[in-house]
Amino acid sequence: MIGVIKNFQEVIENRDIGRMNKELYQFLNLYCGFIAHYDINGFKATYKNPRDFAEVFTRHFDREHRYYSGIYPCHESPYKDTGLTKAEIKSDFEKIVDRHKEDVSRWAKEELRKERYALYIKLKEEFEGGAGEWLPGIVRMVAGRNSEG
């Protein structure tokens with residue numbers, strides 16, 4: 001397996017765009033329908049969030065999704081001296097995403113749930129922990145109104 005495919009597989013399997021190297025970044029921009037995002041660091045920052053990684057980045061290689069970046073006649077030319085065409089490499093990317101897309105989607109949903117739960121805990125502590133004596137009274141008042149109606 002050539003380096004650009006190995007690196008793509010590493011990124012997908014680890015769900016970590018931070019592992020992307022310069023060669024993969026350039027391949028994605030030149031042949032896979034991505035924009036540069038200024039530079040490799042901007043690209044990584046754009047897809048670092050689990051939701052963006054799962055719902056945007058990987059979808060460029062999912063034939064069933066509107067973000068899919070197809071294989072065109074210009075991709076039939078060789079990629080460097082690898083013995084593979086750009087089309088064959090993109091096809092390998094598609095296969096890697098296809099094998100992992102359900103796991104990536106599950107991971108992104110779980111990460112989002114963890115973020116939301118952490119926010120919930122923080123808000124709960126802020127509103128319940130720092131509310132002093134007045135919060136229980138308001139809760140009883142609201143509960144009393146709800147039971148009357």
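The values are calculated or read from the model by the stated rules, or taken from the named source; none is laboratory data. The structure presented is a predicted model; accordingly, all values stated were derived computationally and were not measured. Please note: Cβ atoms are built from the backbone with ideal geometry, for glycine as well, and neighbour counts cover all protein chains shown.
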Subject >> the stretch 4-19 residues that are free of Cβ contacts under 8 Å to residues at least 60 places away in the same chain, paired with ones that are among the aromatic types (Phe, Trp, Tyr) (beta carbon under 8 Å, 6 or more apart) >> reply: ILE17/PHE43; ILE17/TYR47; ILE17/PHE53; ILE17/PHE57
Original post:
Restricting attention to the stretch 7-39, which residues are among the aliphatic types (A, V, I, L, M), part of a helix (DSSP H, G or I) and within 16 Å of the chain's Cα centre (by Cα)?
Top reply: VAL11, ILE12, ILE17, LEU28
Original post:
Hey, GLY83 hits all of (1) outside any loop (DSSP other than H, G, I, E, B); (2) under 19 Å from ILE2 (Cβ atoms); (3) not polar (S, T, N, Q) but one; which does it fall short on?
Top reply: (1)
Subject >> Selected residue (criterion: farthest from GLU88 (Cα to Cα)) from residues of the stretch 36-76 that are polar (S, T, N, Q) and surrounded by 15 or more Cβ atoms within 10 Å (Cβ to Cβ) >> reply: ASN49
Subject >> Only listed residue being modelled with pLDDT of 95 or more and in a helix (DSSP H, G or I), chosen from ILE89, ILE121, ILE138 >> reply: ILE89
**OP:** Being surrounded by 14 or more Cβ atoms within 10 Å (Cβ to Cβ) and either in contact (Cβ under 8 Å) with a residue 60 or more places away in the chain or not polar (S, T, N, Q) (or both) is the filter here, so list the residues in the stretch 77-92 that pass it.
**Re:** TYR79, THR82, LEU84, LYS86, ALA87, GLU88, ILE89, LYS90, ASP92
Original post:
Here is a list of conditions, (1) more than 30 Å from ARG116 (Cβ to Cβ); (2) free of Cβ contacts under 8 Å to residues at least 24 places away in the same chain; (3) loosely packed, with under 13 Cβ neighbours inside 10 Å; (4) not aliphatic (A, V, I, L, M), and GLU23 meets all of them except one; can you say which number that is?
Top reply: (3)
